[in-house]
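Input: a single structure, listed below in structure tokens.
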Amino acid sequence: MPEADADVLVVGLGAWGAMTLWQLAKRGLRPIGIERYGRGHALGASHGGSRMFRITCLEHPGLVPFARRSAELWEALERETGTSLLRRHGGLLIGAPYSAVAGGTLTAAREHGIEVEKLTRAQLSKRFPQHTGLSPDDIGVWEPSAGLLRPEAAIRAALDAAETAGARVLTGTEVTAVEPDGDDVLVHTPATTLRARRVVMATGSWLPSMVPLPDLRVVRMPVTWFRPEGEQERFHLANFPVFMRQIGGSTILWGCGSEPPYDVKLGLEQFGAAAAPFDTGDSDRSVTSDDWTALCAVLAERLPGLRPEPARVAVGMLTLTPDNQFVLGALPESPNVIVAGGDNAHGFKHATGIGELLADLATGQEPRLDYSFMDVKRFR
Ligand SMILES: Cc1cc2nc3c(=O)[nH]c(=O)nc-3n(C[C@H](O)[C@H](O)[C@H](O)COP(=O)(O)OP(=O)(O)OC[C@H]3O[C@@H](n4cnc5c(N)ncnc54)[C@H](O)[C@@H]3O)c2cc1C
């Protein structure tokens, strides 16, 4: 058997790939990670300063153990690198008691014994008066264990920790093809070809263009920051914590306050809407007023006290699957190629737990958590 350059090579060093590399390096392997752009760049899915963390995973009951394990690993990464990454100052879920957001959160809390506080509409208005225009049946669910993660800092911390433990990180290097070769996998870049025993393809929204996974759809997701007008402290993070608010059948308003200078982050998500497909070969991330018009239209009624025009806007990419679950695991036709994608806009909080799972799969260890509901095999 020809000598391999690495036992495991990770393609793509966004959130999932960076955490996988860290987990592999911690096990004493000398993995190689390859990233097309720079560390913590703004062209994929893992930028924008913050990501919501919560244990009450309304997307699937099987994700709750992943969120719990991820929290332990986020704390481990913080300790190992001396970096503050996860601030668990609580999070708010708003909607009707039977809605996906509030109802789903209550169900997850009940089934998994997660501490939450149910707020009546009146209690919600009193405690969080920034949220106006509530529907008559809206309630609030306060999850004290929720909070915010720092995505770019987390990726950099994981890569630093991986390198300290013996990993090699190649940035500015595009993988042009991944090709099984006997028991190995060849990874081609414009400059060279590397041989690995196993490859983890954590290429996010670029995954469907590299591996035939026709059920995955890539769409763009604008993220918008607003400045308060009048009293600024209302929108301090301590007073206006991270939230998800269902404002109609399938529309979700989400966001969080900020420390001075008060960049209040907001987004609007239309579940089930036929979002325009996004070409991942196109590096254009410019924005137009179409990216914030619908959001601005709801602000005066739902979150008054913010200037009506955004202070800044960024674009992220989402990869959607028909069942809203991630796509993880060894490809049935190439078992030494392990894929990781289909983030469906809820994957950052799980990045450390998923990194551990991918490291288990890449080293032939039994995963500690059941991931069958996310297994790529369901699409084959
Ligand atoms: C606007 C927005 C808000 C979100 N909010 C939340 C939230 O609040 N909470 C939450 O948990 N999740 C949230 N998510 C989802 C979460 O951010 C994603 O699940 C997560 O960032 C996905 O990470 P990833 O590593 O799979 O993808 P990415 O970060 O996109 O990483 C993929 C990497 O692969 C690299 N790559 C691709 N092709 C190649 C190649 N050929 N060669 C080399 N490298 C390559 C790319 O450059 C990129 O760095 C949100 C997502 C968006 C877009």
### Task
Would you point out which residue out of Glu152, Glu115 is in a loop (DSSP other than H, G, I, E, B) and charged (D, E, K, R)?
Glu115
### Task
Kindly establish whether Trp254 is surrounded by 10 or more Cβ atoms within 10 Å (Cβ to Cβ), touching a residue at least 24 places away in the same chain (Cβ under 8 Å) and more than 19 Å from the chain's Cα centre (by Cα).
no
### Task
Kindly indicate whether any position in the range 352-362 is within 15 Å of the ligand (Cβ to nearest atom), outside any helix (DSSP H, G or I) and in contact (Cβ under 8 Å) with a residue 60 or more places away in the chain.
no
### Message
I'd like the full set of residues that are in contact with a Lys or Arg (Cβ under 7 Å, 6 or more places away or on another chain) and within 16 Å of the ligand (Cβ to nearest atom), limited to the range 1-11.
### Response
Asp5, Ala6, Val8
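Starting from residues that are modelled with pLDDT under 90 and of a type outside the set (D, E, K, R), keep the ones in the range 223-259 and report whichever is nearest to the ligand (Cβ to nearest atom).
Ser250
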## Note on the structure
Exactly one of Ala300, Ala314, Ala340, Ala345 is within 14 Å of the ligand (Cβ to nearest atom), surrounded by 13 or more Cβ atoms within 10 Å (Cβ to Cβ), of a type in the set (Gly, Ala, Ser) and not in a strand (DSSP E or B), and that residue is Ala345
### Task
Being hydroxyl-bearing (Ser, Thr, Tyr), in the same structural domain as Ala191 (by TED's automatic domain parsing) and away from the ligand (no atom under 16 Å from the Cβ) is the filter here, so list the residues in the range 132-175 that pass it.
Thr164
## Note on the structure
Selection from the range 155-176 of residues touching a residue at least 40 places away in the same chain (Cβ under 8 Å) and assigned to a loop (DSSP other than H, G, I, E, B) yields Ala165, Gly166, Ala167, Thr171, Gly172, Thr173, Glu174, Val175
### Query
Restricting attention to the range 12-33, which residues are within 6 Å of the ligand (Cβ to nearest atom) and touching a Lys or Arg at 6+ places or on another chain (Cβ under 9 Å)?
Gly12, Leu13, Ala15
### Pairs, first outside the structural domain of Val141 (by TED's automatic domain parsing) in the range 233-251, second assigned to a loop (DSSP other than H, G, I, E, B), C-beta under 9 Å, six or more apart
none
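The values are calculated or read from the model by the stated rules, or taken from the named source; none is laboratory data. Given the structure is predicted, the values throughout are model-derived calculations rather than measurements. All Cβ positions, even for glycine, are placed from backbone atoms using ideal geometry, and neighbour counts span all protein chains on display.
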